[in-house]
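S.K.: Would you mind keeping the following structure in view while I ask a few things?
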Ligand code: SF4
């Protein structure tokens with residue numbers, strides 16, 4: 001059966017595995033914390049409306065906000081660069097790092113998106129991830145499986161074994177001791193690094209400021225200890241004012257981890273000033289488009305309102321079953337199913353929008369009310385019209401549609417289905433079907449079509 | 001009390017696979033004082049095609065249903081949250097900016113899901129009966145999130161012995177053709193649901209959408225589970 005093999009192939013390898021179980025546990029824990037944190041806010045609905053309005057307004061005025069941000073950040077002493085695509089972004093960062101050998105990095109999804117680490121490493125620059133989850137991911141040679149919890153798919157026993165293998169420390173699965181190992185290693189990196197690279201949760205146009213939200217404080221060290229700080233900003237991650245930023249921050253942590261506020265909210269406005277005791281001498285902001293302009297001009301523009309809280313991943317039945325690795329890229333879950341084909345094009349990502357039951361839990365939970373299911377439908381329409389679906393599905397749908405618009409044919413189709421099902425049925429139930437329908441009978445029985453349809457019964461007993 | 005004249009849309013699945021749910025729906029409506037008509041020529045709401053991305057074909061089917069229903073008057077009652085939601089929310093969207101837009105809005109405004117209609121519009125006095133079986137209820141997604149149907153089902157089930165079902169607002173993994181296109185994922189989601197249903201010690205699983213119920217019933221049968229599966233209409237009316 002020709003199938004959307006990409007997602008399905010990856011998913012099939014994860015379903016039912018230890019990884020799948022770990023993802024499900026973690027995602028459910030996040031969802032529970034989130035509902036507790038939002039339940040204490042009497043204005044949760046109101047907050048969502050305001051957050052949505054703010055983000056949509058930012059997208060509608062993106063050009064103006066970006067130019068205001070550029071002016072203000074430059075006035076504060078930053079250097080602002082603009083990268084049209086991943087290659088250009090990598091080149092710009094590599095250029096800024098000429099002569100460097102060690103870089104400390106805090107969590108940045110956009111850096112994963114552009115493949116920055118491997119680019120820098122190919123140039124002989126050591127890049128060390130300093131977010132605990134990212135550090136583990138890097139040590140394992142793995143990719144993140146969740147946009148805010150990169151190692152959601154691992155158990156702490158697995159992390160313990162990894163540390164024992166790779167770092168030669170004594171095995172322990174005690175998170176506190178594992179954390180201490182990491183901290184000791186990373187202290188040295190912060191002090192020795194030639195530069196720090198970070199992502200940005202939100203830029204603020206009015207003051208040219210960068211807001212970083214972390215729970216470990218590593219973001220603060222990455223952006224203040226080394227002499228050079230390079231901030232990677234996804235082009236759409238900007239709001240106009242501090243008032244607006246406040247609303248987003250209020251909802252971000254609650255939606256993401258169920259905290260009222262993340263442990264560290266760092267604001268950076270320009271490099272170190274003469275009176276400052278510390279801070280970098282240079283702050284570079286690299287604003288990255290990489291497909292965002294195209295998304296903005298299309299039917300799925302609203303996905304750019306995303307504040308990357310991860311709540312939609314945590315409630316998604318498909319994500320809970322397969323985890324982020326099933327999606328094949330850095331952006332997974334419902335948001336990824338829309339964003340990835342948008343940013344990276346339909347090849348080979350056209351099948352991600354099909355990795356959804358359209359249950360609507362994502363839209364319900366999203367702090368900015370992004371209409372993800374509607375966009376999934378739109379992307380599916382695009383994939384179907386580009387002829388990407390398997391032949392049996394297209395032929396079957398044509399046959400079905402022709403019958404559905406012509407009642408006599410409809411009745412015949414039903415009778416044919418009943419007749420064809422006869423050899424497969426035992427006492428009204430089917431255990432195994434051939435062809436594409438075996439996807440159903442692989443794990444469930446199927447009732448045989450009824451002898452008398454409702455329409456036939458009605459005509460006989462109630463008809464005029 | 002003389003209730004309204006209603007137009008029954010049974011849905012393609014009920015028509016072909018579970019006609020007893022259709023008969024029970026008629027009975028529940030009549031017991032609530034309604035007069036029931038069954039518009040001839042009704043087929044499928046078109047949701048299967050919309051969800052696979054065959055939007056043009058979804059429009060063809062929707063247009064056919066609109067013509068069938070627009071020739072009638074009064075509330076259109078559907079014993080499925082999913083199909084009702086399709087007609088209420090997606091018909092107007094699918095025909096936005098076309099010459100059928102008005103028709104789609106006109107028909108959509110008449111469509112009600114069964115429990116919603118019985119509770120909110122008719123204020124029915126009838127209540128569900130499970131003949132003493134202890135039940136769990138599964139809230140299907142489209143009805144729950146699209147139409148807010150939890151309240152109306154709860155009201156009708158008042159008096160039936162209900163057991164708590166962990167995750168009763170979570171998707172069952174059916175997802176229409178998703179169940180055939182992504183079999184291992186759909187089955188894994190279903191299995192988690194079935195584990196919980198079995199752990200609840202209920203004797204009967206009840207829901208408001210035949211689609212999800214057939215998927216769960218098929219899974220329960222494959223496991224050899226004795227849990228019975230019924231549509232809520234079957235607890236409200238006499239289907240025989
Ligand atoms: S789409 Fe919404 S719920 Fe999902 S990560 Fe973005 S903001 Fe959070």
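S.K.: Name the one entry in A:53, A:37, A:89 that is without any contact (Cβ under 8 Å) to a residue 12 or more places away in the chain, more than 14 Å from chain B (Cβ to nearest Cβ) and either touching a strand residue (DSSP E or B) at 6+ places or on another chain (Cβ under 9 Å) or under 23 Å from residue A:309 (Cβ atoms) (or both).
M.R.: The match here is A:53.
S.K.: Between a residue in segment A:402-414 that is at the interface with chain B (Cβ under 9 Å from one of its Cβ atoms) and any residue that is surrounded by fewer than 19 Cβ atoms within 10 Å (Cβ to Cβ) and not in a helix (DSSP H, G or I), which pairs come within a Cβ distance under 6 Å, given they are 6 or more apart or on different chains?
M.R.: The qualifying pairs are A:407/B:41.
S.K.: State whether one or more residues within segment A:277-288 are within 16 Å of the ligand (Cβ to nearest atom), within 23 Å of residue A:59 (Cβ to Cβ) and in contact (Cβ under 8 Å) with a residue 12 or more places away in the chain.
M.R.: no
S.K.: Answer with yes or no whether residue A:437 is at pLDDT 95 or above, surrounded by 13 or more Cβ atoms within 10 Å (Cβ to Cβ), under 25 Å from residue B:55 (Cβ atoms) and facing chain B (nearest Cβ under 7 Å).
M.R.: Judged against the criteria, residue A:437 is not a match.
Each row is one residue, and each column tells you yes or no for (1) surrounded by 20 or more Cβ atoms within 10 Å (Cβ to Cβ); (2) touching a strand residue (DSSP E or B) at 6+ places or on another chain (Cβ under 8 Å).
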{"position": "B:153", "(1), (2)": "yes, yes"}
{"position": "B:174", "(1), (2)": "yes, no"}
{"position": "B:184", "(1), (2)": "no, no"}
{"position": "B:187", "(1), (2)": "yes, no"}
{"position": "B:192", "(1), (2)": "no, no"}
{"position": "B:238", "(1), (2)": "no, no"}
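S.K.: OK, next. For segment B:43-68, which residues satisfy the criterion of being at the interface with chain A (Cβ under 8 Å from one of its Cβ atoms) and touching a residue at least 40 places away in the same chain (Cβ under 8 Å)?
M.R.: Hits for segment B:43-68 are B:46, B:48, B:50, B:51, B:52.
For every residue, the table says whether it meets (1) more than 8 Å from chain A (Cβ to nearest Cβ); (2) more than 21 Å from residue A:373 (Cβ to Cβ).
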site: B:155; (1), (2): yes, yes
site: B:165; (1), (2): yes, yes
site: B:172; (1), (2): yes, no
site: B:179; (1), (2): no, no
site: B:196; (1), (2): yes, yes
site: B:204; (1), (2): yes, yes
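S.K.: Same structure again: Taking residue A:295 as the residue in question, decide whether it is away from the ligand (no atom under 12 Å from the Cβ), at pLDDT 95 or above, touching a helix residue (DSSP H, G or I) at 6+ places or on another chain (Cβ under 9 Å) and within 14 Å of chain B (Cβ to nearest Cβ).
M.R.: In short, no.
S.K.: Picking from A:341, A:353, which residue would you name as being within 12 Å of chain B (Cβ to nearest Cβ), more than 9 Å from the ligand (Cβ to nearest atom), closer than 19 Å to residue B:51 by Cβ and surrounded by 23 or more Cβ atoms within 10 Å (Cβ to Cβ)?
M.R.: Selected residue: A:353, the only one of A:341, A:353 that is within 12 Å of chain B (Cβ to nearest Cβ), more than 9 Å from the ligand (Cβ to nearest atom), closer than 19 Å to residue B:51 by Cβ and surrounded by 23 or more Cβ atoms within 10 Å (Cβ to Cβ).
S.K.: Is there a residue being outside the structural domain of residue A:234 (by TED's automatic domain parsing) and either closer than 30 Å to residue B:41 by Cβ or touching a strand residue (DSSP E or B) at 6+ places or on another chain (Cβ under 9 Å) (or both) anywhere in segment A:355-366?
M.R.: yes
S.K.: Would you pick out the residues in segment A:63-84 that are farther than 17 Å from residue A:232 by Cβ and either surrounded by fewer than 19 Cβ atoms within 10 Å (Cβ to Cβ) or touching a helix residue (DSSP H, G or I) at 6+ places or on another chain (Cβ under 8 Å) (or both)?
M.R.: Scanning segment A:63-84 gives A:63, A:64, A:65, A:67, A:68, A:71, A:74, A:75, A:76, A:77.
S.K.: Next question. Look through A:151, A:93 and report the one residue that is more than 22 Å from the chain's Cα centre (by Cα), closer than 25 Å to residue A:201 by Cβ and assigned by TED's automatic domain parsing to the domain that holds residue A:220.
M.R.: Being more than 22 Å from the chain's Cα centre (by Cα), closer than 25 Å to residue A:201 by Cβ and assigned by TED's automatic domain parsing to the domain that holds residue A:220 holds for just one of A:151, A:93, which is A:93.
S.K.: Right, another one. Within segment A:364-385, identify whether any single residue is away from the ligand (no atom under 16 Å from the Cβ) and more than 9 Å from chain B (Cβ to nearest Cβ), and answer yes or no.
M.R.: no
S.K.: Here is a list of conditions, (1) assigned to a helix (DSSP H, G or I); (2) within 13 Å of the ligand (Cβ to nearest atom); (3) more than 10 Å from chain B (Cβ to nearest Cβ), and residue A:331 meets all of them except one; can you say which number that is?
M.R.: Tallying (1) assigned to a helix (DSSP H, G or I); (2) within 13 Å of the ligand (Cβ to nearest atom); (3) more than 10 Å from chain B (Cβ to nearest Cβ), residue A:331 fails exactly one: (1).
S.K.: Can you tell me which condition residue A:55 does not meet? The list is (1) at pLDDT below 90; (2) closer than 25 Å to residue A:253 by Cα, and all the others hold.
M.R.: Failed condition: (1).
S.K.: Does any residue of segment A:227-234 turn out to be farther than 18 Å from residue A:52 by Cβ, touching a strand residue (DSSP E or B) at 6+ places or on another chain (Cβ under 8 Å) and within 16 Å of the ligand (Cβ to nearest atom)?
M.R.: The answer is yes, given that some residue of segment A:227-234 is farther than 18 Å from residue A:52 by Cβ, touching a strand residue (DSSP E or B) at 6+ places or on another chain (Cβ under 8 Å) and within 16 Å of the ligand (Cβ to nearest atom).
S.K.: Then there's this: Those residues that are in a helix (DSSP H, G or I), within 13 Å of residue A:250 (Cα to Cα) and over 20 Å from the mean Cα position of the chain (by Cα), I need them from segment A:33-48; list them, please.
M.R.: A:37, A:38, A:44, A:45, A:46, A:47
S.K.: Quick check on residue A:360: is it within 30 Å of residue B:9 (Cβ to Cβ), more than 16 Å from the ligand (Cβ to nearest atom) and either under 14 Å from the mean Cα position of the chain (by Cα) or free of Cβ contacts under 8 Å to residues at least 60 places away in the same chain (or both)?
M.R.: No.
S.K.: Can I ask one more? Being within 20 Å of the chain's Cα centre (by Cα), part of a strand (DSSP E or B) and either surrounded by fewer than 23 Cβ atoms within 10 Å (Cβ to Cβ) or in contact (Cβ under 8 Å) with a residue 12 or more places away in the chain (or both) is true for just one of A:212, A:296, A:304, A:249. Which residue is that?
M.R.: Result of the check over A:212, A:296, A:304, A:249: A:212.
S.K.: From the list B:95, B:117, which residue is within 22 Å of residue B:142 (Cα to Cα) and touching a helix residue (DSSP H, G or I) at 6+ places or on another chain (Cβ under 6 Å)?
M.R.: B:95
S.K.: Can you name every residue in segment B:23-39 that is at the interface with chain A (Cβ under 10 Å from one of its Cβ atoms) and either without any contact (Cβ under 8 Å) to a residue 24 or more places away in the chain or crowded, with 24+ Cβ neighbours inside 10 Å (or both)?
M.R.: B:25, B:26
S.K.: Going through segment B:67-99 one residue at a time, which ones are more than 19 Å from residue B:5 (Cβ to Cβ) and surrounded by 20 or more Cβ atoms within 10 Å (Cβ to Cβ)?
M.R.: Across segment B:67-99, the qualifying residues are B:80, B:81, B:82, B:83, B:85, B:86, B:88, B:90, B:91, B:94, B:95.
S.K.: Turning to a different aspect of this structure: Any chance you could count how many residues in segment A:216-246 are in contact with a helix residue (DSSP H, G or I) (Cβ under 8 Å, 6 or more places away or on another chain) and not in a loop (DSSP other than H, G, I, E, B)?
M.R.: Total satisfying the criteria: 13.
The values are calculated or read from the model by the stated rules, or taken from the named source; none is laboratory data. Fair warning: this is a prediction, and the values are worked out from it, not measured in the lab. FYI the Cβ positions are ideal-geometry reconstructions off the backbone, even for glycines, and counts take in every protein chain you see.
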